[in-house]
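Visitor: I'd like to ask you about the structure that follows.
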Amino acid sequence: MKKIGCFISNGFNMLTLSRLSAVLDLANSIRMKKKRYQLILLSSKGGTVYSACQLPVESSITTSKSLIMLNSLFIMENLENFHPAWNNAASADLQNDSNHKVKYLGIEPVTIKGLTSPLFFLASLEEEAKLYHLSTFDSAMPNVNFKKESVLIFNNHVWAASGHWAGIDLILTFIEEESGAAEAMQLMNIVERLFNKYENNSQLAVLENFSCHGNSERINLSLRYIRQNLCNTVTITQLAELANLSARQFSRLFKEETSTSPAKAIAQIRAEVARNHVIQGRLSLDKIASLCGFSGVKGMRRAFLKFYGESPCNFRIK
């Protein structure tokens, strides 16, 4: 089981923590027989830590020994830790979730030889008779703004995200790095439905549009297969075999029920899902192109121009 540490301090955002833990619960529930992730709450001194609404949670003390036993570490932002007095500007930053996205901050240098933990660079921060505080991590990672950013550290690589969705965004990043894009996409689809994170879920809208014209389970099954395998090559032969039909029979039936060809449907679904990701702004264009099965950003750009008459950059600017 992979151990994921979450460092919190008094005044932490309970909403961020609850969403983070919910995604890990979902990830474990997908594989009921083999639970993969364990969340461990850490704090400077251990014991009871209070959220911003004074809700108590129990935590373990953070030491170099506890850190090197982890597979990854999530360090939660804490506005109160830096600004005990609230002000309008700080509140506006915390409430503004429209710009949430994951930033890759690079790889931290190895500072201790002989350690194999993905968090070994943090172990050197602990000094004799001193404790880990949020300010300790702040000093070690000056390119992170812990006033409004939470951080994920995995294999000494560092990512940051802000807003109430930081927990979900960073855990999905961890799962993608640890288990691959396909599994992360599957989990993200579940999260989107449960949390209704995005105002316009283009991916589901397109599928529903196709499904409402389908009269057979064979076609609906093929549509679900397309959706679940966007990051892979999807061929008519694969879809026909799934429907237990010849490629010719499948193409004819698909056209009858959806008013479009399988190839066009695949292309349109890829473009719709990519457009949704571009609008959200959480991922880079390179990552979106890869997740949606395009050969690269240029291929995705051609699809956008074909279906929408605009490039992905124009959608992101909007």
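Visitor: Is it the case that some residue within region 46-63 is open to solvent by 50 Å² or more (accessible area, probe 1.4 Å) and touching a Cys at 6+ places or on another chain (Cβ under 9 Å)?
Guide: No, that holds for no residue.
Visitor: In region 278-292, which residues are open to solvent by 30 Å² or more (accessible area, probe 1.4 Å) and not charged (D, E, K, R)?
Guide: Hits for region 278-292 are Ile279, Ser284, Leu285, Ser290.
Visitor: Could you please give the count of residues in region 28-74 that are of a type outside the set (S, T, N, Q), part of a helix (DSSP H, G or I) and at pLDDT 80 or above?
Guide: 2
Visitor: Let me confirm something: among Leu239, Leu207, which residue is open to solvent by less than 50 Å² (accessible area, probe 1.4 Å), modelled with pLDDT of 90 or more and either of a type in the set (Val, Ile, Thr) or not in a loop (DSSP other than H, G, I, E, B) (or both)?
Guide: One residue alone meets the criteria, Leu239.
Visitor: Another question, then. Is it true that Arg248 is modelled with pLDDT under 85, in a helix (DSSP H, G or I) and either within 24 Å of Ala184 (Cβ to Cβ) or more than 26 Å from the chain's Cα centre (by Cα) (or both)?
Guide: No.
Visitor: Is it the case that Arg275 is closer than 19 Å to Leu305 by Cα and either surrounded by fewer than 21 Cβ atoms within 10 Å (Cβ to Cβ) or touching a residue at least 12 places away in the same chain (Cβ under 8 Å) (or both)?
Guide: Yes: the conditions hold for Arg275.
The values are calculated or read from the model by the stated rules, or taken from the named source; none is laboratory data. Treat the numbers as computed from the prediction; the structure is a model and nothing was measured. Here the Cβ is made from the backbone with ideal geometry for all residues, glycine too, and neighbour counts use every protein chain on show. Note: accessible area is taken over every heavy atom of the protein model, side chains too, but ligands, DNA and RNA are not part of it. Shrake-Rupley method; radii C 1.70, N 1.55, O 1.52, S 1.80 Å.
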